[in-house]
């Protein structure tokens, strides 16, 4: 198992039916990898993809998290996908198309039935039904082994009948997701930027996601990883100031004080503590 406490600024999706692409993926600077059995793999190729994972993952020597995205609970592929993730030794299981707390609880129960030491779930909400069940899903996340909550932008736009991927829709999903993640006590993860060649747009979306409270973002192409890592890496001066503020607050016997023109109390200083926790060493 990889060290799952390290920052996960970027998580690179890679189709599991192509071993060469899997090899190339782990050669990138992504903080985590999501080997995909769902959208990126044609149904006729899913058994071959599962065979690839069973052969490839156990011998993979990498110090970063490797998750397997299974097909959604209730699909025909779900049981075999879940069993493959466990057998191959995945560090986490990415669960798509979550629409209810029941989806989370039953997926976790199925996972726990396969092993005494189940890998954590990484939940993705991708439909209006799921978004409106956010409070229920958050409660289920708290009760089970869920470590992150993400939104699926492309599938959500498809579900609402949008002819494109409007930024105003993305902004709404971003706010809802960070709220639900906070309720669940898990990490919020931003959805992919679909235009691979749009580096400026990717940077804008990634920087906004970090400012909104997301800890990282998924990528669909290796070329996106560097931009995402940079956007989610706090600037050195920001980290240095956060360290000074936290140290000054901890050294004081007061409940509130002003340091470098910044008002600090327990609530505000915790923001700086989180920044330090997320800063790469």
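A few remarks follow.
- Largest first and in whole Å, the equivalent-ellipsoid semi-axes of region 196-281 read 32, 11, 10, each the square root of five times a Cα gyration tensor eigenvalue.
- A Förster distance of 45 Å, applied to the separation of the beta-carbon atoms of residue 42 and residue 277, puts the FRET efficiency at 0.65.
- Between the beta carbons of residue 243 and residue 61, assuming R0 = 41 Å, the FRET efficiency works out to 0.75 to the nearest 0.05.
- Alpha-carbon Rg with Dmax, taken over region 1-84, Å: 12.4, 36
- Sorting 247-255, 68-76 by average packing, meaning the other beta carbons within 10 Å per residue, from highest down gives 68-76, 247-255.
- Helix-only CD estimate at 222 nm, as mean residue ellipticity for the chain, using -39500 (n - 2.57) per DSSP H run (n ≥ 4): -14500 deg cm²/dmol
- Taking packing as the residue-averaged number of other Cβ atoms within 10 angstrom, the listed peptides 46-56, 190-200, 229-239 run from highest to lowest as 46-56, 190-200, 229-239.
- Between helix 199-212 and the chain there is an angle of about 60 degrees, using the helix long axis and the longest principal axis of the Cα atoms.
- The chain: angle of helix 46-56 to the longest principal axis, Cα-based, in degrees nearest 10: 60
- In region 129-225, the convex hull through the Cα atoms has an average projected area of 6.2 nm², a quarter of its surface area.
- Whole-percent pair-distance distribution, where bins are 10 Å wide, for the alpha carbons of region 236-278: 31, 61, 8
- Inverting the pair-averaged 1/r between distinct Cα atoms of region 53-127 gives 12.5 Å as its Kirkwood hydrodynamic radius.
- Look at 66, 225 and count the other Cβ atoms within 10 Å of each Cβ; fewest to most, that gives 225, 66.
- Centre separation in Å (Cα based) which lies between region 166-237 and region 67-82: 25
- For the chain, alpha-carbon Rg over 2.2 N^0.38 Å: 1.03
- Rounded tilt (10° steps) of 134-143 against the dominant C-alpha axis of the chain: 90
All of the numbers you see were taken from the coordinates with simple rules; none came from a lab. Not measured: the values here are computed from a predicted model. No Cβ is skipped: glycine too gets one built from the backbone with ideal geometry, and neighbour counts run over all protein chains shown.
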